1. Give the order of Ile444, Ile604, Ile209 when sorted by the count of other beta carbons within 10 angstrom, beginning with the fewest.
2. I need the phi-derived Karplus couplings for segment 538-549: 6.51 cos²θ - 1.76 cosθ + 1.60, θ = phi - 60°, integer Hz, Gly and Pro marked x.
3. How many angstrom separate the Cα center of segment 513-545 from the Cα center of segment 620-634?
4. Which order do the peptides 493-506, 605-618, 261-274 take when ranked by the mean count of other beta-carbon atoms within 10 Å per residue, highest first?
5. Which order results if His474, His334 are arranged by neighbouring Cβ count within 10 Å, fewest first?
6. Expected output is a single nm value to one decimal: the length gained when fully extending between Thr213 and Thr182, i.e. 0.36 nm times separation in residues minus the C-alpha distance. What is it?
7. Quick one: what Rg and Dmax do you get for the chain from the alpha carbons, in Å?
8. Per-residue HN-Hα couplings for segment 552-562, Karplus 6.51 cos²θ - 1.76 cosθ + 1.60 at θ = phi - 60°, whole Hz, x for Gly and Pro?
Amino acid sequence: MKKLFTITCIVFCYAVTNAQNVGIGTSNPTEKLEVNGTTKTNGLQIPTGASSGKILKTDANGVASWGSIDAAGLFNTPPPAQLSCPALTGLVSTATNPRSVAVAGNYAYVVNIVSNTLQVFNITNPVATVLAGSVTTGTTPISVVVVGNYAYVVNQGSNTLQIINITSPATPVVVGSAGTGTSPSSIVVKGSYAYVVNSGSNTLQVINITNPTSPLLTGSVSTGTGPISVTVERNYAYVVNNGSNNLQVINISNPAAPVQTGSIAVGSFPQSAAVLGNYAYVVNLGSNTLEVINISNPAVPVLTGAKATGTFPRSVVVVGNYAYVANGNSNTLHIFNISNPAAPVLEGSVVTGTNPRSVVVAGNYAYIVNATSNTMQVFNLACSQNFAAAYNPVTGQTTAIQLPWNTENNNIYNNNSGNVGIGITNALRAKLEVNGGVGRTVGIFGGEGPGLSLQKEFPAVGYNQYFDGTVSRHIGSGYAALSWFNPATGNLNFDMFPSGLVNATTVSTRAMTIANTGNIGIGGAATNGQLQLDNQLKNRKLVLYETANNNHQYYGFGIESGALRYNIDAPGAAHRFYAATGSGSSTMLMSIGGNQVIQMGSGIAKVGINTLPFAPATALEINGALSMRTALATVTNANPTITVGDRSYIYITSGQPNVVVFFNLSNGISAGQVLILESAADNNFAGVDLNNGPNIKMAGGGMRIRGEETMTLIWNGAKWIELCRSRNF
C-alpha cells in the first residue's frame, strides 16, 4: 500500500508540476488554478503588492489588486488634477542674490551669486521651510541641478563646474571640480554626463561625471552667440542663445562629438527653454513671450504657438499640461495650459517676490527664488477639492464626483466659476447673493472682535454694529458707527454710537446726511443747502485753522444770537479781503486787524456810503449826515494841555464865567488830522485862549475862542494849523 501511494504521489506531483493549469471540478481549467465550486480556507494570503493599511479592489474583469486608501486607490475613476489656483504657502530668506533653484526629495538647493554659496533648505513642511545646510562655491554660482547624491553647480565668475556631495544635507561637501568655458551660464545632467553652455566662449561642453571626484571634458561644440540655457531630452541638447536669438538642436548621441542638427529663430533675448515630448517651450525677455516649438523633426523645428507673458520672463518649466513662467520685472508667476500647444492659455497667476529668476515644480508645489528680495517662495499649485464616492452596482465601479464645496484644514471654499446663493435657489446677480438674515443683519465679518455687518431693508454697513431686528448692538467692545440708505427718501445717513461692550445696546446720534440731491447736512442738520450745519448757537461752527482747542483761538466762523461770528486767533491777526490780479498774485482790498485797525485800498480805493446805485467818485463819499463824537475838556487853571489823541471834536469849558483861561494842545497823531474846538457858552465873552505855542500856528485873528465859537485846525505833522474860526458874538 505504501508503495502504491508513493508511486501515485510521484505521478500526480509530476503531472501538477508540469501541467499548465490545474482544475478542480472542471476538466478544462483556463488559469493556473480554477475551482468550479465553493472553496473553504482557514486563512487567505495574497502577498503580491500587500502592505499594512491597503485595500483589495478589482477591475471590470474581476482582476484583484492591492490599492492605497487615497483617491487613486479608492476610485476606479480618480479625481481630476487642477492647477489653476496658485497660493503662497511658504517663504524663507536666502543669501544675497539667489539665481537658481533645484528640488530633490525633501530638499531645495539654491545658489546665490553675490554670497557665493549653495544653500540646502528642508521643504518637508512647505509652510515652514528651514535652512538645513550651506557650502561655499566658486565665484558667481549661476546654475544648479541635483541628481542622486550630488549637486552640480557652474560658477560664472571662476569658470568652473563643481560637484557637491549632498548625502548629508546639513554638511554638503565639494568633492570634484572641472574647468569650463568662459562665463558658464547653465547646466543639465543626464546619465553620466553634464552639459554646460558658456555664454562667453559660445560653446556647449559635455563633461563625463562618472567619477564625481574627477570630472573629465568629453566633447564640445560651438553654439550661437551668448548661450544662456540648455536642456536635454533623449539624444538632443536644446540651447537658447541670448545674443543670436535662436534655439539650437544639437545631437549628443556621441558625447565626444556633439553636432548641430537644427536651428530656429525665436523672440528677442531668449532666457530659458524647457522640453516635453515633441515640443520645446522658450521664454523671451525682450519680446515678453512664451513660444511653443515643434521638435518632432529635430532637423527642422517649427514654431507652433505663442503667448504673451509678464514683463521680462526669466525662467520656464513644463510639467504635464502646464508651463510655469517666472517674470522678472512684473514679479509674477504665470501658469499656462499647454494641452493645445498651438494655443497656450493663461490659467493662473500669482504675485512673487522682487525679480524672480528661477522656478522649479515638484509635486503640487512651485519653488521660486527672487534675486532682489533674497527669498525663496513656495506656492501650492493644486486646488484642494472634496469628492463623494458614487458606486455603480451594475459595473461595480466607484467613481469620484466633485462636490461643489471644498474643505482644507479649517477652510471651506468653492472654486467653481458660477455664483453662490444663500437663501436663494438661482443666484444670477452676483458671485455671492444672500437672501434673508437675522433681523436686518445679513452678514457679519470679523465678528471675533470689532467687525463689519451688512444689513438689508434699509441697506446698511455697520462698523462694530449690527441690528438684531429690534435694536442696534455692538459686535465687539468699543465705539460703533452705521452708514445706511433710506430707499424712500434717497438719503444716505451716517450715525455714531458711544462706546459699549459686546452685544450692548446704545443710542446713536446723526453725524451726517447726504441727500439724493448731493446736499450735505452735518450734525443732524437738514439738507436744504449744499452744505448745512445744525442750528445750534456756537462760537465754533466751522474751523479752518486751530491754534488751540477752545472757542476763541481759531480761524473760522461761529453763530451767536443774531450774529455771524468771523473769528481770528489773536490781536495780531487780521481779517483780510483779496481780489486776484491774475494766476500768480492778488491785491488786498481791506484788512480788519485784531488790534481794531481797519485798512482799505492802496491808492485807488473809493468808499461810498448810501451812494447806490452810483459808484463813489472820491476816496470817501457820503450821501447823508456825518457826525463826530464829542470829547469834553474842562480847563480850570492856567496853561493846561488838552490831550487830543484820536479826537476830532473837543468841547471846552472853564467853569469860570467871564474869566479868561489859557490852554495848550497836545500834538496830533497823524498828518491830516482835523480838529474842531468849541468854547462852551458859559465862557461867555471872556472865552478861552489857545496859547500860540511851538506846535500852534494861528491865522492872525488872535488866540481867543469866545463862548459858542469854534476854531478848526489841521495837524501837518509838526503843528496845528488854523483853518478857520466862527464869530458867533
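What follows draws every value from the coordinates through simple rules; no lab data is involved. For clarity, every value in this text was computed on a predicted model and none was experimentally measured. Here the Cβ is made from the backbone with ideal geometry for all residues, glycine too, and neighbour counts use every protein chain on show.
1. Details: Ile444 17, Ile604 7, Ile209 22.
Going from least to most buried by this count: Ile604, Ile444, Ile209.
2. Using θ = phi - 60°, the values come out as 8, 4, 10, 10, 9, 9, 8, 7, 10, 7, 8, 7 Hz.
3. 43
4. 261-274, 493-506, 605-618
5. Values: His474 23, His334 26.
Result, fewest neighbours first: His474, His334.
6. Values: separation 31, 0.36 × 31 = 11.16 nm, distance 2.19 nm.
Gain in length upon complete extension: 9.0 nm.
7. Just the Cα atoms of the chain yield Rg and Dmax of 50.2, 190 Å.
8. 3J(HN,Hα) across segment 552-562, in whole Hz: 10, 8, 7, 10, x, 9, x, 10, 9, 4, x.
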